[in-house]
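S.K.: What follows is a structure written as structure tokens; I'll ask about it next.
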Amino acid sequence: MSRIAYVNGRYVPFREARVHIEDRGYQLGDGVYEVCEIRDGALVDERRHIERLQRSLAALRISMPIAPGALRFVFAEMLRRNRISNCLIYLQVTRGVARRDHGFPERPVEPSIVITVRGLDPRKAIEAAAIGVSVITVPDNRWGRVDIKTIGLLPNVLARQAAKEQGAKDAWFVDEDGFVTEGASSNVWIVTRDGKLVTRPDSSRILGGITKTVAKEVARSLQLSLEERAFSVAEAQAASEAFLTSATQTVMPVVRIDGRAVGSGEPGPITKRLRTEFHKAAEIGPKLL
Ligand code: PDD
């Protein structure tokens, strides 16, 4: 069976799924997105993802093209039609199709919505987390509102590519004062030598990650001490553990930063604990299948 995509109200075979060449997402990066995990047929943290989608849309003054209830129906239909129950859902909304002009279209247009699913192999994720990932650091040269989850990801693309070319898995952005902001597609954390979890507080300089929010709850429930503050690259390299959080990777150990081993150079016990506990704290919705 071929994969199915959802494009502007229609379920279409993946290979035939198209948007117009004058879609403002395609021409101007004028849109937002969400990535959400589906685990055993149930949405993970749907409420928070929908709330963030609404916030991103509101920030760009794009209207929500579908009611949250109807959206859940579309998600369910996508799982059914793609016969998949462990996957990532990608949802993108752009301002719509209009003659190219930087200002908003004079006559209102319908936003465009595209949804795709991609299989997640839980075994591969376990294997990756058992080893951990290495990261490089790059200057954070993004715009000042990265708290909005826009599809304009060029600095993130170049950062990830630089990482790949240097034999690392990912890149961490570093601000002008030498403090780590976040990863190319994740939030970042360290565990200090005296066992404190440290992560940067939400601001316009980072995306307020859903996984980060849940991981904070896990930390609290495990009575781990948590400091929300920025940390430097040197502090991270000298930490006893480091990890990143995102919907695609949940809690992923970081074992090398710019070639320097973090702690023992292997995934640490607190990171492992948070990873194991993560789905117990996340809001798991009803089964959609
Ligand atoms: N990215 N920071 C950035 C820049 C991100 O792109 C992401 C997620 C996060 C973590 O957010 P969350 O925990 O809500 O997934 C932080 C998604 C997964 C992506 O672009 O694929």
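What follows draws every value from the coordinates through simple rules; no lab data is involved. This one's a predicted model, so the numbers in the text were calculated from it and none came from an experiment. All Cβ positions, glycine included, derive from the backbone under ideal geometry; neighbour counts span all protein chains shown.
S.K.: Within the stretch 164-178, identify whether any single residue is more than 12 Å from the ligand (Cβ to nearest atom) and part of a helix (DSSP H, G or I), and answer yes or no.
M.R.: The answer is yes, given that some residue of the stretch 164-178 is more than 12 Å from the ligand (Cβ to nearest atom) and part of a helix (DSSP H, G or I).
S.K.: Let me ask another. Determine the pairs where a residue that is touching a residue at least 12 places away in the same chain (Cβ under 8 Å) and within 14 Å of the ligand (Cβ to nearest atom), located within the stretch 48-60, has a partner that is of a type outside the set (A, V, I, L, M) and not in a helix (DSSP H, G or I) with Cβ atoms under 6 Å apart, the partner being 6 or more residues away or on another chain.
M.R.: HIS49/GLU34; HIS49/CYS36; LEU53/GLU34; SER56/LYS149
S.K.: Identify all residues within the stretch 155-176 that are in contact (Cβ under 8 Å) with a residue 40 or more places away in the chain and over 16 Å from VAL254 (Cβ atoms); write none if there are none.
M.R.: Passing the criteria: only ASP175.
S.K.: Need at least 2 residues that are away from the ligand (no atom under 15 Å from the Cβ) and over 15 Å from ILE257 (Cβ atoms) per element, so show me which strands (runs of 3 or more DSSP E) inside the stretch 182-236 make the cut, counting only ones lying wholly within it.
M.R.: 226-228
S.K.: Just checking, does the stretch 116-123 include any residue being in contact with a Ser or Thr (Cβ under 9 Å, 6 or more places away or on another chain) and of a type outside the set (A, V, I, L, M)?
M.R.: No - not one qualifying residue is present in the stretch 116-123.
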